[in-house]
Structure formats: C-alpha cells, structure tokens
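What follows is a set of notes on a single structure, which appears directly below.
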Amino acid sequence: MAERYYLTTAISYPNGRPHIGHAYELIATDVIARFKRLDGYDVFFLTGTDEHGIKMLQTARSLGIEPGELAQRNSDEFQRMGQAVGASNDDFIRTTQERHCRASQEIWRRMEAAGDIYKGSYSGWYSVRDEAYYGEEETRLAEDGTRLGPQGSPVEWVEEESYFFRLAAFQERLLAFHEANPDFVAPAERRNEILSFLRSGLRDLSISRTTFDWGIPVPGDEKHVMYVWVDALTNYLTATGYFEGGERAAFWPADLHVIGKDIVRFHTIYWPAFLMSAGIDLPKRVFVHGFLFNRGEKMSKSVGNVIDPLALVEAYGLDPFRYFLLREVPFGQDGNYSHEAIVARMNSELANDLGNLAQRSLSMINKNCGARLPEPGEFTVADEAILAASGALLERSRAAIDRQELHAMLAAVVSVVSEANRYFAAQEPWVLRKTDTARMGTVLYVTAEVLRRVAILLQPFMPGSCAKLLELLAVGEDERSFFDLAGGRMLAAGRPLPLPQGVFPRFVEADSQAG
Ligand code: ME8
C-alpha cells in the first residue's frame with residue numbers, strides 16, 4: 001500500500017480577501033502535494049479558513065454585518081482563489097463547521113483530563129491583529145504612545161476571568177523534544193528563534209475569553225469561548241476525523257505544516273504542548289516560509305497595498321505566476337516581486353530556454369522525421385552526458401522537496417535545461433539534416449527525452465503547461481508519474497507526434513505591441 005503523506009497550509013483569517021501571501025503559501029504547499037502524488041504517495045492536502053476570534057468580530061462590526069456572514073463571504077473568496085491558482089487540496093476546512101467544534105471540544109477535554117487546564121484570571125497584553133498574548137517585556141511604546149507587540153501591531157490591556165493551559169510545565173519537555181528532533185522546525189534560523197524563546201521561560205497561556213462569544217464554547221462552561229488559536233491549531237486534527245475514527249484518521253500525525261514566519265511560536269511551542277497534554281502524536285515537521293513584499297513594501301490587509309493574486313494570474317498566466325513565485329524567492333526567505341522580475345523569468349527561462357528548445361526540436365522532428373519520434377542510433381559521450389544529467393534530477397528533486405527547498409529543485413532543473421540548450425546548439429542538428437540524418441535523429445531523440453524528463457518533473461510547478469508539453473511529446477496521461485522516470489524508461493521511438501505549438505508564451509508589454 002502507498003505510504004501516506006499529510007500536509008497542510010496555515011488556515012487563513014477570512015477577515016478580508018486573500019492576498020498574494022496566501023496564494024504563495026497555498027501554491028508552494030500544492031507543489032509539494034503534487035510532487036508526492038506523482039512520486040506514488042497517498043497524499044492528503046489540507047487548507048482552509050480560520051473563522052473565529054476578535055479580529056473577525058471587529059472587522060464584521062466595522063462593516064455592520066454578522067461575523068458569520070463575513071466568514072462565509074471571504075471563505076468563499078479563499079476557495080475561489082484556491083481554484084484560480086490551481087490548488088489541488090483534498091479538503092477545505094472551515095473552523096465554523098460542526099466537525100471542528102466537536103474536535104476542538106474533545107482536545108480541550110483531553111487537556112483538562114490531563115490536569116493541564118485551570119481557571120484563573122488573566123491580566124496582560126493582547127494583540128488583536130496577531131490574536132496573540134504577549135509578555136510586557138515583549139512589548140514597546142511607539143513614539144505616539146501606543147504600545148506595540150513584537151510584530152509591530154498594537155496591543156491592548158486585557159483583564160478577565162480565563163482558563164489557562166499549564167504551558168510553563170511543558171518547558172523541559174518541549175526543549176527535550178526540540179533537541180531530539182533537530183529537523184522539526186526549518187529553516188535553521190527559525191529553530192534557533194524558537195529555542196531561545198523556549199529557554200527564556202514560558203508562562204501559562206490564557207486559553208479562553210468571556211467578553212465576546214464568537215468562538216467555540218468551552219465544554220462545561222459556556223460563558224467562555226476558546227482562545228482562537230486553540231481552535232485554529234486543532235483544524236489539522238479535525239480534518240482527519242482523528243477523534244471519530246474518520247476515514248483519514250490514519251493520516252495523523254501530519255508530515256508537514258507549511259506556515260509563514262509570523263506564526264512559528266504557535267506551531268512549534270503551543271501546538272506540540274497541546275498535543276503532548278492530550279496524548280496525541282506530534283506532527284513531523286513545520287516548514288516556515290518568508291514574507292513576500294511588493295518591491296520591499298509589506299502587504300497585508302491591515303497595512304493596505306493588497307495585490308490581488310487573481311489579477312496576477314490574469315496578467316501573466318497561471319503557470320508562469322506559480323513558477324515565478326517558487327523560482328524567484330528561496331523558499332524560507334523573504335522575497336520581492338515586481339512586474340519586471342516576473343517578466344524576466346517568464347521570458348528568459350520559460351519562453352527562451354525551455355519553450356524554444358521544445359519548439360525547435362519538435363518542429364525539426366515534425367518537418368524532417370515524418371512527424372514521428374526518430375529511432376536513436378548509438379549514443380555519443382555528449383548524448384550520455386545530457387541523459388545522465390537529466391536522469392539524476394529525480395533523486396536531486398526528491399532530496400530538495402523533502403527539505404522543502406523548492407527553489408533548489410527548480411535551480412537543478414533549470415541548469416539541465418540550459419545544458420540541453422548547449423547540447424542542442426553544439427550538435428547542430430540543422431547541419432546534420434544535410435550531412436547525417438541518422439545522427440540528426442539521435443540528437444532530436446535525446447533532446448525530446450530530456451524534455452520528457454523535465455516536463456514530468458515540472459508538473460507540480462506548472463501542471464497545465466507541462467501537460468501540454470507532454471502531449472506534444474505523445475506521452476500518455478498514464479505515463480507521467482515519477483515511476484516513468486525510473487527503471488531506464490525512455491520515449492518510444494516511432495510514435496507519431498502532434499503538430500508542435502508554443503507552450504510558454506513570451507510576455508509582450510502592451511505599449512510595445514502598440515508600436
Ligand atoms: O495567521 N507573505 O492567518 P493569516 C507570505 N489564521 N506569507 C504571508 C504573508 C505574506 N505577505 N502574509 C501572511 C493566520 N502570510 C492564522 C493561521 S493556522 C492554525 C492559523 C501567511 O490569514 C501567514 O504567515 O494571517 C500564514 O502562514 C498564512 O499566510 C495565513 O495568514
């Protein structure tokens with residue numbers, strides 16, 4: 001039976017429309033999900049919306065609507081965005097669903113039964129934007145006198161009856177866990193940040209609120225609703241049906257949570273502690289990506305300057321947009337995007353390098369080989385070299401994807417495409433056409449085979465374009481998995497190929513078209 005692989009994105013706050021940061025996280029996680037499926041895994045890929053909390057309530061109030069209506073409206077937008085960016089998620093969870101209420105109350109009961117929840121009174125700082133409690137020492141005063149949390153968002157003083165989770169009691173266990181599992185959090189700088197936070201000491205965590213009711217009721221004390229992060233993190237369990245023996249229960253523990261750098265503490269300290277308390281296995285890995293900026297300017301719903309991911313898909317096409325995001329920015333680091341940067345990648349690497357190589361070699365086959373894949377002769381050293389380089393890509397890609405180094409996989413593939421272009425130029429098949437047609441056939445066969453390998457491997461990044469390219473190579477839909485890259489499998493000579501068409505269009509500026 002296929003090995004299971006369960007991966008998740010963070011669930012987004014639907015207090016506004018999705019922005020490019022949400023699209024980025026979803027696309028990156030989608031690439032890993034598609035990669036694992038092509039590699040033979042039984043994949044469960046989850047995303048969704050995080051609908052409770054004060055931020056949702058306040059936004060709804062400011063719009064004069066009910067929080068449920070706001071959640072519904074924007075959750076629908078998030079699902080539409082997912083479709084528009086080609087997300088292949090297997091489920092979409094909304095934390096207002098009944099299944100999620102049951103799971104959150106169950107994990108609460110387990111933590112309570114373990115003796116890790118007690119009632120007390122909270123007084124301290126809270127950031128609505130981050131939905132986070134901060135210690136006084138983590139806050140600072142801005143010039144205008146407002147107090148700010150560590151991520152620069154305003155904090156307010158909160159004083160109310162509250163249930164607490166005995167987080168402080170987990171400090172040693174969490175340290176021991178992180179020390180024994182150095183790969184649990186990546187990249188390394190995030191791990192270091194978390195270790196130093198852990199070593200600085202933990203305070204018990206306030207996990208319920210009484211001043212509003214937009215949340216999941218605390219079992220047995222309905223005056224309280226759960227702190228939004230207790231319910232939010234539990235979504236990862238809910239979707240498997242863990243507590244109810246659902247059909248996906250065996251997917252727990254998750255293999256990978258993909259999150260942004262502002263929510264590391266929740267996923268690598270609170271979440272493991274809740275699970276330890278409830279006696280549930282911990283996820284295997286948390287990968288933290290950076291933030292995307294529009295030429296260095298932070299985009300967020302609260303700061304403004306939101307760029308609609310759908311507009312970007314519309315402008316550049318889905319696959320170039322997906323490719324750009326994962327090629328341009330080393331996954332795990334912050335990055336910038338701009339019109340110029342997107343067009344440069346699109347036109348050089350996709351249209352010129354990959355697109356032209358396909359177009360030139362396939363047109364030659366079409367014109368000079370009776371539109372059938374030529375029979376190769378004996379391979380020369382140059383043929384063997386490019387076949388070996390492209391043949392090594394699968395293992396390199398697996399290693400990169402298991403470390404979530406999506407950029408490293410793309411860099412490896414791009415360098416093989418460059419090498420294939422050099423090979424094609426050096427072999428001069430257009431000269432061989434007049435001098436040695438058998439040798440020309442071999443060069444065109446080798447080029448087509450390299451294109452097949454590249455197209456199969458790039459499917460997770462650019463599903464639509466790679467499907468087109470594979471069609472042009474007459475590779476059937478049942479011949480496109482990573483299994484087809486192993487065991488010496490190669491293109492079958494003699495197959496008829498369809499008329500070649502451009503797969504990767506150049507981006508042409510509107511004003512240069514006018515001239
Ligand atoms: O944090 N660039 O929701 P959210 C890259 N509901 N990633 C970004 C980004 C940017 N400019 N802005 C946000 C939440 N993100 C919680 C999560 S999980 C149990 C609950 C990322 O809508 C952010 O880091 O504010 C997070 O991983 C995701 O988008 C959702 O952010």
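The values are calculated or read from the model by the stated rules, or taken from the named source; none is laboratory data. Since the model is a prediction, treat every value here as computed from it, not as a measurement. A quick note on method: Cβ atoms are made from the backbone with ideal geometry, for glycine too, and the neighbour counts reach across all protein chains shown.
Could you please find all residues in the stretch 447-459 being under 30 Å from Ser88 (Cα atoms) and either part of a helix (DSSP H, G or I) or small (Gly, Ala, Ser) (or both)? Within the stretch 447-459, Ala448, Glu449, Val450, Leu451, Arg452, Arg453, Val454, Ala455, Ile456, Leu457, Leu458 meet the criteria. Candidates are the residues of the stretch 305-338 that are of a type outside the set (A, V, I, L, M, F, W, C) and free of Cβ contacts under 8 Å to residues at least 12 places away in the same chain; the one that is farthest from Leu373 (Cα to Cα) is Asn305.
Residues of the stretch 30-66 that are assigned to a strand (DSSP E or B) and buried (at least 19 other Cβ atoms within 10 Å of the Cβ): Val43, Phe44, Phe45, Leu46, Thr47, Gly48, Thr49. The one condition from (1) more than 20 Å from Arg191 (Cα to Cα); (2) within 13 Å of the ligand (Cβ to nearest atom); (3) among the hydrophobic types (A, V, I, L, M, F, W, C); (4) part of a loop (DSSP other than H, G, I, E, B) that Ala254 does not meet is (1).
Residues that are polar (S, T, N, Q) and within 13 Å of the ligand (Cβ to nearest atom) are absent from the stretch 78-85.
Output the residues belonging to the stretch 10-19 that are touching a strand residue (DSSP E or B) at 6+ places or on another chain (Cβ under 6 Å) and within 7 Å of the ligand (Cβ to nearest atom). Listed by number, the residues that qualify are Ala10, Ile11, Ser12. The residue list Tyr118, Tyr163 contains one member that is surrounded by fewer than 18 Cβ atoms within 10 Å (Cβ to Cβ), in a strand (DSSP E or B) and modelled with pLDDT of 95 or more, which is Tyr118. Tally up the residues in the stretch 14-29 that are in contact with a helix residue (DSSP H, G or I) (Cβ under 8 Å, 6 or more places away or on another chain) and either part of a helix (DSSP H, G or I) or buried (at least 24 other Cβ atoms within 10 Å of the Cβ) (or both), please. Selection size over the stretch 14-29: 10.
Among the residues of the stretch 6-26, not a single one is more than 30 Å from Gly68 (Cβ to Cβ) and touching a residue at least 60 places away in the same chain (Cβ under 8 Å). Scanning the stretch 235-251 for residues being at pLDDT 95 or above, of a type in the set (Gly, Ala, Ser) and more than 16 Å from the ligand (Cβ to nearest atom) gives a total of 3.
The strands (runs of 3 or more DSSP E) found wholly in the stretch 274-389 and carrying at least 1 residues that are out of contact with any strand residue (DSSP E or B) (no Cβ under 6 Å at 6 or more places or on another chain), surrounded by 14 or more Cβ atoms within 10 Å (Cβ to Cβ) and polar (S, T, N, Q) occupy 292-294.
Would you be able to say whether some residue in the stretch 209-218 is in a strand (DSSP E or B) and free of Cβ contacts under 8 Å to residues at least 60 places away in the same chain? No, every residue in the stretch 209-218 fails to be in a strand (DSSP E or B) and free of Cβ contacts under 8 Å to residues at least 60 places away in the same chain. Screening Gly48 against (1) within 21 Å of Leu292 (Cβ to Cβ); (2) in contact (Cβ under 8 Å) with a residue 24 or more places away in the chain; (3) away from the ligand (no atom under 14 Å from the Cβ) leaves a single unmet condition, (3). Residue check: Trp430 meets all listed conditions (1) part of a helix (DSSP H, G or I); (2) surrounded by 20 or more Cβ atoms within 10 Å (Cβ to Cβ); (3) not small (Gly, Ala, Ser) but one, namely (2).
Across the stretch 294-338, the qualifying residues are those that are within 13 Å of the ligand (Cβ to nearest atom) and small (Gly, Ala, Ser), and the one among them that is modelled with the highest pLDDT is Gly332.
Table: residues versus (1) of a type in the set (D, E, K, R); (2) in a helix (DSSP H, G or I); (3) under 30 Å from Phe331 (Cα atoms).
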position	(1), (2), (3)
Val416	no, yes, yes
Glu419	yes, yes, yes
Gly441	no, yes, no
Tyr445	no, yes, no
Phe461	no, no, yes
Gly502	no, no, yes
